[in-house]
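Take a look at the structure below.
The values are calculated or read from the model by the stated rules, or taken from the named source; none is laboratory data. Fair warning: this is a prediction, and the values are worked out from it, not measured in the lab. Backbone-built Cβ (ideal geometry, glycine too); neighbour counts: all protein chains shown. For the accessible areas, the whole protein counts, side chains as well, though only heavy atoms, and no ligand, DNA or RNA atoms are used. Shrake-Rupley method; radii C 1.70, N 1.55, O 1.52, S 1.80 Å.
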Amino acid sequence: MERDVICAISTPPGEGGIGIVRLSGDEAYRIAREVFRLPAEKRAGVFWKDFHPQPRRLYYGYILSDRGEQVDEVLFVHMPAPQTYTREDVVEIHAHGGTVPLQEIYRLLLQRGARIAEPGEFTRRAFLNGRIDLVQAESVLSVVRAKTDRGLRAALSQLQGHLSVRVRELRQGILHLLGETEAGAEFFYEEAGQEEGTRKGVATRVGELLQQCEYLAGRRAQGKILQEGLKTVILGKPNVGKSSLYNYLLQEERAIVTEIPGTTRDLLMEYINLRGIPLRIVDTAGLRREGDRVEKKGMEFSRKAIQEADLMLLLLDGSEELSEEDFWIYRQLETAEGQLLFVIINKIDRARKLTTEEVERSFSAQRVLECSILSGEGLPALEEAILESAQLGEVSAGESDIILEARQGELMQNAAESLRDALHALEAGFPLDVVSIDLHQAYGFLGELIGETVGDDLLDHIFSRFCIGK
Amino acid sequence: MGFEAGRYDTIVIGAGHAGCEAALAAARMGCRTLALTVNLEAVALMACNPSLGGPAKGHLVKEIDALGGEMGLAADETMLQMRLLNTARGPAVQALRAQVDKRRYQERMRLVLERQDGLDLREGLVKELLVENGRICGVKTETDLLFMAPAVIVTTGTFLGGRILLGEFSYPGGPQGLRPAEGLTRSLKQCGFRSRRFNTTTPPRIANRNIKFDKMERQAGDDRPQQQFSFLADSAKKAKNYPCWLTHTGPKAHQVIAQHISRSPVWREKLQGTGPRYCPSIEDKIVRFPQRLSHQVFLEPEGEELTEYYVQGLYTALPEEVQQVLLRSLEGLEECRITRPGYAIEYDCIDPLQLFPALESKGVAGLYFAGQVNSTSGYEEAAAQGLLAGINAALKKRGEDPLVLDRSQAYIGVLVDDLVTKGTDEPYRMHTSRAEYRLLLRQENADERLTELGYRLGLIGRERYERFCKKWDAVRAEVERLQNTRVTPAPEVLQALERMGTPALKSPASLAQLLKRPEVNLERMREGGLDRETADLDPAVLREVENRIKYEGYINKQREQIERYRKMEEQRIPEVFDYGAIGGLAAEARDKLEQVRPRSLGQAARISGVTPADISILMLHLEERRRRKRSAARRDDAREA
C-alpha cells in the first residue's frame, strides 16, 4: 500500500492571514512532530519525544529550524486514521500566511521524509482508500479548480450531492417506466389490450424525463465556464478604447488572484469576476497593425486566442467612420460554432459618425452595442450582455447551480439520446419490451454518472484522472 | 460401515427435473452414471402444475433442448395443448407454454433414463455424503449401501428435510405422499454447507365429475401451434388441444378464507422459511391485496386419461374441509369433489453462493448441486441447472475446462450467474426482465446460441447438427436476399403495397427496408404479391429472418452492450487473491468478495454489497499488480539479455 507521507501547502499562494501545510500518510505525525515544539519545550530547549499531543485537538506551539531557530508560531493538529479526509494519518500545521514561513515549514517537512504531493493526490488517496466515490472525487477537483465563488458553490453543492439527488430521481422515474414496459410480459394471464393506453402514458413520461436530461446536459457548458472562465478577447484598432474597456472590466475588486501569478502576465490575460462569472480576458497585442511591424509570435498567439475564445468583443470608434483597419480586423475573425461576436461602438459621448444600423449592415455579429467607456454610458448594458452570453444572466443561485464535469455531461447526453431513441421507437410502433432496451440504457448511463453502476470505461477514466505509479 | 454396492463416474441424488437432465447429460457424455431416487414412481414428477414453459421458462426449455437436453422433447411428445404467449409483444418475450400430460411425461422420461446406455436408475435414499480430503468420493444410503464416485450431483428438490403442512396437521414428507430425504441435511452441514428453509404451496386437485364447465370460460391452446419446444419436434404430428377452464374467486370465497385463515399454517407463521413471491398462496393474496375482489382460477387437466384437474391459482394449506367450502364457492365448482387437498411443503436448500459457476461446490471438490436445492423454484429452472451440472461433472472427468454460460449467451447463464453471484433470499424464479440482453436471447434462436456447443460436447448428434447448420444458412441467405432485392415505385409494386395496406414508395428501396415497416411482414409481402420467393421456406426460418430485419437496430444496440459487458468479464481476477490485503475495501465488500470469489471484475461488480467504489479500488489493484508483473518480466528479460 502506498502510505508514504505526502505534504502540500493547502492554502492558495499569496499573502493571507493564515496558511496551512498538510501531511498525510503512515508517518505523518512522526515527521511533523519532529519540527513542532510546544511552548514548554521551546522554553526549556528540549524535545519530549514521548509526549504526544492528543488527537483532534489544536495545540499552540512553534516550528523550529534545523538550527533551533523559530520559523513561525503555529497551531498543530494531529488527526489519526481512519476518520480523516484521506483515511490516513493526517497532520495540519496552521501557520501565518505569506510565502516565506510557509515555504520554510514545507522545506523542513520534506527534509524529514515527506514527499511533495502531486496535484489532487490527497483526493486520490481519499478515493483509493474508499473515503469518497468517483463523483465526489471529481467534485473535489472542481472545488480545487473553481475560479469564483459561484463555481465553488456549484462544485460544493455537487459534493453534497445535489446532482446525485437529481440523477437519482431521474433513475427512479425510469425504473417505474421499466416496471410498466416489462412487467406485462411476465403475467400472461392478465388481460391484454391495455397496451395502447400504456404506450401513450409511457411516451408522455419518457418525454418528461428527456426534458430533464436535456436540461441537465445543458449545464455542462456552463459548468465549464464556471470552472474555466468565459474566454473573452477584446479586439480593435489602436486608440479605439481597448485598454479603457480592459481596465473598466478589470476594476480592482474584480481581480482574481490566480495560483501562479506569473502566468497571466506572460499570456497577457487576466481573470476577473463579473458578478460571479469568471471572465478570462485576453489582450490582443498581436493584432495591432501598428506600422508594418507585425510580431510573428504575438500574431500567432492572437490567432490562438481568437480560436479558443468564447466571446469576442470588437470595439469601433463611434466618432469616426468605419476604416479599412476595422474591416481588416473583422476579416481575421472566423467565428466558429458556439463562438460569440459582440461589436461595441465606443465614444458615443462624442459627435456620432457611425450608427448601429450601419454596423449591422457591415458586420455579422450576435450583438451590436453602444457605449462610452469614458462617461460610463451603456456599460451596464454591456455587462448584462456578457452575462447573458454565459447563459447565466437569469440563472439564480440554488439548485440550478448544478454543474456537470465533462464526463458527467457526456453521460447525461448519452442518457438523453437513449430516451430520444425510446420516444422514436414508441412512435414507430416497436413493442414496449423492445423500447425498454433504450430505457435500460438510459438508466445505465445515469447510474454511471453518479457512480452507482460500473461503466466499462471506468478504468480508463480513473487512470486518466489520477496519475498512477508506473 | 456399509456394503460397497457399486462404483461409478457420476452419482445423481434425485431423479426429478434436475436429476433427469443431469444423469442423462453425464451418461451421454460417457460417464458411468447412477441415478438414485426415493421412489421410481417419482421420476420426473410434476409435483405442482401440469404445465411447462411461459415467459423465460419457455426460453429455458428451448435452451435445454438446444444443448441436447430432454425436457423439450418430452414436453412436445406429451403435451395436451400448446400456446404461444405474448404474440402481441416483441420477439424477446414471446414464449411457448404447454399443458402437459403429467403421467405420460413421467413415463416417457423414466423410459428414456432406463434405456440410456451407461445410466443405472434405482431406488435408494441417500443419507450421507462420503468426503475425503475435501473431495467427494461417494454416498451412503439409509440402508448402508455405499456407492462410490468422484462426482456427485445433489438434486434433492423439495424432498430434502421435507415437511408437509395442511391446516393444523404437519408431518415429515415429500410431495404427493412420497417420503422425504432425512439425514442428508445433517451430512451437508457436516461438510460445511449453510442451509436454509424455503417453502411452497400447491393447490388442491379435483375430480372432473360434477364440474359445470358451461359456467366457465374455455381457454384453448393454439389450433395449429407455430412451434414446439424441441428442434427435433415432429411438425407433422397433429397437435392436441385440450382446454383449460377459467373461473374466479369472489366475495364469498374471500369471506371463507378470511374466516378460516387463522387455521392455515401460512397465516399462523407455523411455516418455516421463505415462500415464492411469484406464486403466492391464496391466503397471502387475500391478505396482501385486500382491495382485489376477485382472483383468476384456472382448471388445468392433469392428463388425457386422468380424471383430475389442477386448480391453478388456489395455492393453499387451509384445512381440507375449508378447501372444500372454498372450492364450492367458485362458479362452476359448486358440486366439485377434492381428490387431493392443497398443502404447503417446507424443505432444506443451500445458499447458492457456495457454488462456482460450474455448479460445483467451493467447499467439496466434485460435489455439484442443481435445482430446487439451490434455492430456485420451477421445473425449467431445475432442469437447466441439472443439465449444466451433468455436463460439468462429465467435463471434469475428461479433464476439460468447465462449461460456464455467460449472461449474453443464455438464460441458463443469467440464472446461474445470478445464483452464484447475488444469491437469493427467496425461491428464485426466472423472468425475462432478469436477462439484460434478452432481445438476443430469443427462444427462437436458442439453437443458434447453443447447439454448436452441444455438438462439441457430444450431446447433439451429427444429423441434427447438419439440419441446424442448414437452417441458419437459410436464414442468413434470406436476409441477404431481402437486403439486396430492390423494388422501384413501379405501378405493380405500388398496387401490391396498397393491397398490403402500407404507404406507397417514393424512391427505390430494398425489400428489407420495406419489411421494417410495422404493418409489413413476409406473409403479407407474399400475399400482396410483392415477394413470393419465401413461399417454400420453413416458417422457423422466416420468423428469424423477420426478427433479424425488423429489430436490426436494437439487435445491434444489444450487441454493443454485450461488448461492453464482455470487457468487464475479461478482466480476470486470479483464483487465489487476497482481498484482505487491499486497504480501502469496505468490510462488507471484502466479506462478500471472499465468499463469492468472482472470476472477473464484471462478476464482482454484480455482487450485492460491493459498490462501484470497491470495484474501482479493486480495478486499480489488479492494474498495479499487472504493471508490477510486467516490469518484473522486463527486468528478467533485461537480465537474461
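Computed values, structure above
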{"quantity": "Out of A:Leu340, A:Leu316, A:Leu287, A:Leu311, sole residue that is modelled with pLDDT of 90 or more and either crowded, with 20+ Cβ neighbours inside 10 Å or not assigned by TED's automatic domain parsing to the domain that holds A:Lys237 (or both)", "calculated": "A:Leu316"}
{"quantity": "Only one of B:Leu146, B:Leu121, B:Leu130 that is free of Cβ contacts under 8 Å to residues at least 24 places away in the same chain, part of a strand (DSSP E or B), over 20 Å from B:Thr432 (Cβ atoms) and among the aliphatic types (A, V, I, L, M)", "calculated": "B:Leu130"}
{"quantity": "Strands (runs of 3 or more DSSP E) enclosed by region B:36-102 - at least 3 residues per element that are within 12 Å of another protein chain (Cβ to nearest Cβ)", "calculated": "B:79-85, B:95-100"}
{"quantity": "Enumeration of residues in region B:423-447 that are assigned to a loop (DSSP other than H, G, I, E, B), in contact with a strand residue (DSSP E or B) (Cβ under 9 Å, 6 or more places away or on another chain) and within 14 Å of chain A (Cβ to nearest Cβ)", "calculated": "B:Arg429, B:Met430"}
{"quantity": "Exclusive hit being within 30 Å of the chain's Cα centre (by Cα), under 13 Å from A:Arg22 (Cα atoms) and surrounded by fewer than 19 Cβ atoms within 10 Å (Cβ to Cβ), set A:Gln83, A:Gln103", "calculated": "A:Gln103"}
{"quantity": "Any hit, region B:618-641, residues being more than 42 Å from the chain's Cα centre (by Cα) and outside any helix (DSSP H, G or I)", "calculated": "yes"}
{"quantity": "Any chance B:Tyr465 is open to solvent by 20 Å² or more (accessible area, probe 1.4 Å) and either in contact (Cβ under 8 Å) with a residue 40 or more places away in the chain or under 26 Å from the mean Cα position of the chain (by Cα) (or both)", "calculated": "yes"}
{"quantity": "Close pairs (6 angstrom Cβ cut-off, 6 or more residues apart or separate chains): within 14 Å of chain B (Cβ to nearest Cβ) in region A:74-89, of a type in the set (S, T, N, Q) and part of a loop (DSSP other than H, G, I, E, B) anywhere", "calculated": "A:Arg87/A:Asn129"}
{"quantity": "B:Gln483 being open to solvent by 60 Å² or more (accessible area, probe 1.4 Å), away from chain A (no Cβ under 14 Å) and either touching a Cys at 6+ places or on another chain (Cβ under 9 Å) or over 25 Å from B:Arg625 (Cα atoms) (or both)", "calculated": "yes"}
{"quantity": "Of residues in region A:42-64 being part of a loop (DSSP other than H, G, I, E, B) and charged (D, E, K, R), the one surrounded by the fewest Cβ atoms within 10 Å (Cβ to Cβ)", "calculated": "A:Asp50"}
{"quantity": "Qualifying residues in region B:513-537 (those that are of a type in the set (A, V, I, L, M) and in contact (Cβ under 8 Å) with a residue 40 or more places away in the chain) - the one most open to solvent (accessible area, probe 1.4 Å)", "calculated": "B:Leu537"}
{"quantity": "In region B:168-211, the residues that are in contact with an Asp or Glu (Cβ under 7 Å, 6 or more places away or on another chain), charged (D, E, K, R) and open to solvent by 10 Å² or more (accessible area, probe 1.4 Å)", "calculated": "B:Arg194, B:Arg196, B:Arg197"}
{"quantity": "Selected residue (only one of B:Glu114, B:Glu21, B:Glu107 is at pLDDT 95 or above and touching a helix residue (DSSP H, G or I) at 6+ places or on another chain (Cβ under 8 Å))", "calculated": "B:Glu21"}
{"quantity": "Any hit, region B:538-547, residues being open to solvent by less than 10 Å² (accessible area, probe 1.4 Å), within 26 Å of A:His440 (Cα to Cα) and either among the acidic types (Asp, Glu) or at pLDDT 85 or above (or both)", "calculated": "yes"}
{"quantity": "Members of region B:605-621 that are within 16 Å of B:Glu570 (Cα to Cα), at the interface with chain A (Cβ under 9 Å from one of its Cβ atoms) and of a type in the set (A, V, I, L, M, F, W, C)", "calculated": "B:Ala605, B:Ile615, B:Met619, B:Leu620"}
{"quantity": "Matching helices (runs of 4 or more DSSP H) fully within region B:240-355 where at least 3 residues are open to solvent by less than 50 Å² (accessible area, probe 1.4 Å), in contact with a Phe, Trp or Tyr (Cβ under 7 Å, 6 or more places away or on another chain) and β-branched (Val, Ile, Thr)", "calculated": "none"}
{"quantity": "Number of the condition not met by B:Tyr368 [criteria: (1) assigned to a helix (DSSP H, G or I); (2) surrounded by 24 or more Cβ atoms within 10 Å (Cβ to Cβ); (3) touching a residue at least 40 places away in the same chain (Cβ under 8 Å)]", "calculated": "(1)"}
{"quantity": "Residue in region B:216-229 that is farthest from B:Leu165 (Cα to Cα), counting only those that are modelled with pLDDT of 95 or more and either open to solvent by less than 40 Å² (accessible area, probe 1.4 Å) or out of contact with any strand residue (DSSP E or B) (no Cβ under 7 Å at 6 or more places or on another chain) (or both)", "calculated": "B:Phe229"}
{"quantity": "Every residue from region A:290-308 that is open to solvent by less than 40 Å² (accessible area, probe 1.4 Å), more than 14 Å from A:Tyr246 (Cβ to Cβ) and modelled with pLDDT of 75 or more", "calculated": "A:Ile306"}
{"quantity": "Any hit, region B:410-422, residues being in a loop (DSSP other than H, G, I, E, B), within 14 Å of another protein chain (Cβ to nearest Cβ) and modelled with pLDDT of 95 or more", "calculated": "no"}
{"quantity": "Residue check for B:Leu113: more than 14 Å from chain A (Cβ to nearest Cβ) and either buried (at least 23 other Cβ atoms within 10 Å of the Cβ) or touching a Gly at 6+ places or on another chain (Cβ under 7 Å) (or both)", "calculated": "yes"}
{"quantity": "Matching residues in region B:483-512 - criterion: being in contact with a Ser or Thr (Cβ under 9 Å, 6 or more places away or on another chain) and under 19 Å from B:Glu546 (Cα atoms)", "calculated": "B:Gln483, B:Asn484, B:Thr485, B:Arg486, B:Val487, B:Ala509, B:Ser510, B:Leu511, B:Ala512"}
{"quantity": "So B:Arg627, is it at pLDDT 80 or above, surrounded by 13 or more Cβ atoms within 10 Å (Cβ to Cβ) and farther than 30 Å from A:Ala428 by Cβ", "calculated": "no"}
{"quantity": "Residues of region B:1-35 classified as open to solvent by 40 Å² or more (accessible area, probe 1.4 Å), under 17 Å from B:Glu128 (Cα atoms) and assigned to a loop (DSSP other than H, G, I, E, B), total", "calculated": "2"}
{"quantity": "Every pair of residues 6+ apart whose Cβ atoms lie under 6 Å, when the first sits in region A:417-443 and is among the charged types (D, E, K, R) while the second is open to solvent by 10 Å² or more (accessible area, probe 1.4 Å)", "calculated": "A:Asp433/B:Arg89; A:Asp438/A:Asp421"}
{"quantity": "Number of the condition not met by B:Arg572 [criteria: (1) within 23 Å of B:Asp406 (Cα to Cα); (2) within 13 Å of chain A (Cβ to nearest Cβ)]", "calculated": "(2)"}
{"quantity": "Some residue of region A:365-379 being part of a helix (DSSP H, G or I), within 14 Å of another protein chain (Cβ to nearest Cβ) and at pLDDT below 90", "calculated": "no"}
